[in-house]
Amino acid sequence: MMLLSRLQERFSRLYETPTNYDIYDFLITDPIVANALSPKGVCANDERVLVSQSDDNLDISVFVNQRTLTQLSNDNPLVGLHDGNIDPFMLALEGVSHFQYLCWNASYDKSVTLLELELQAEVDKYVTVLSLLSDQGRAADAGSVHTRLFANVSYHDDLSGEDRERYHRANHYAGKYCRALNENFPHRSSQPRLLNELRRFYRLTQNEKIKRITANS
């Protein structure tokens with residue numbers, strides 16, 4: 001199974017959110033094609049999810065630059081995650097997170113906001129990194145991972161003010177939520193409770209997510 005499908009399967013199992021769609025059927029890897037399909041003014045980054053809705057149809061394309069996929073194929077983070085491959089891995093993971101979240105919510109006719117999409121993706125990154133490090137038999141320092149993902153961040157120079165603010169808010173709220181996860185579920189013995197919390201949070205709307213984060217911080 002290829003990397004993006006394996007990530008999609010991880011999310012499907014983690015959150016108990018199966019879908020009938022494989023991300024590779026919606027994948028674009030050529031930046032020229034992605035730029036042609038992107039609305040005017042969209043930041044030309046190496047990962048984008050393009051969505052178009054008409055009547056009852058939801059059209060989705062996922063762009064992950066081929067050079068990112070090649071790098072991850074040559075240095076597979078699912079086998080060994082490290083400083084040299086974590087950045088392209090987070091890029092690809094974000095695309096899979098967006099795709100899975102959109103497809104699962106669409107199957108229940110639930111609308112999704114851009115902020116909600118970004119917020120969930122930030123949580124997915126944190127949970128996945130800790131899980132992978134544990135699977136690979138390495139001591140997962142939750143504090144260091146949290147700093148890497150939520151403190152040592154920068155944003156694309158071409159982002160609009162509105163987009164930059166949305167990413168900043170998603171990072172802020174996800175950082176608070178993931179810090180609370182670490183405080184409330186510090187031991188593997190609490191894993192069933194942690195899974196219940198993650199699955200419950202996944203199903204909340206944007207406002208419900210923010211309300212839960214604010215109440216528990």
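All of the numbers you see were taken from the coordinates with simple rules; none came from a lab. Just so it is clear, the structure is predicted and the values come from calculations on it, not from any experiment. Backbone-built Cβ (ideal geometry, glycine too); neighbour counts: all protein chains shown.
Residue by residue through region 1-21, note down the ones that are within 16 Å of the chain's Cα centre (by Cα), within 24 Å of ASN45 (Cα to Cα) and not aromatic (Phe, Trp, Tyr).
Matches in region 1-21: LEU3, LEU4, SER5, ARG6, LEU7, GLN8.
Let me spell it out: the conditions are (1) free of Cβ contacts under 8 Å to residues at least 12 places away in the same chain; (2) over 16 Å from ASN182 (Cβ atoms); (3) over 15 Å from the mean Cα position of the chain (by Cα), and ASN105 meets all of them except one. Which number is the exception?
For ASN105, the failing item is (3).
Any residue at all in region 107-129 that is assigned to a helix (DSSP H, G or I), of a type outside the set (A, V, I, L, M, F, W, C) and exposed (fewer than 13 other Cβ atoms within 10 Å of the Cβ)? Outline the logic, then answer.
Filtering region 107-129 down to residues assigned to a helix (DSSP H, G or I) leaves 107, 114-129.
Subsequent filtering for residues that are of a type outside the set (A, V, I, L, M, F, W, C) retains 107, 116, 118, 120, 122, 124-126, 128.
From what is left, the residues that are exposed (fewer than 13 other Cβ atoms within 10 Å of the Cβ) are none.
Checked against the condition, which is being assigned to a helix (DSSP H, G or I), of a type outside the set (A, V, I, L, M, F, W, C) and exposed (fewer than 13 other Cβ atoms within 10 Å of the Cβ), region 107-129 yields no hits at all.
Residues in region 189-196: is at least one touching a residue at least 60 places away in the same chain (Cβ under 8 Å) and either surrounded by fewer than 18 Cβ atoms within 10 Å (Cβ to Cβ) or hydrophobic (A, V, I, L, M, F, W, C) (or both)?
For region 189-196, residues touching a residue at least 60 places away in the same chain (Cβ under 8 Å) and either surrounded by fewer than 18 Cβ atoms within 10 Å (Cβ to Cβ) or hydrophobic (A, V, I, L, M, F, W, C) (or both): present.
Can you tell which of GLU16, GLU47 is at positive phi, in contact (Cβ under 8 Å) with a residue 24 or more places away in the chain and not basic (Lys, Arg)? If you could, list the steps in order and put the result at the bottom.
Working: GLU47 fails: at positive phi.
Just one listed residue meets the conditions, GLU16.
For region 58-83, how many residues are surrounded by 12 or more Cβ atoms within 10 Å (Cβ to Cβ), of a type in the set (A, V, I, L, M) and over 18 Å from the mean Cα position of the chain (by Cα)?
1
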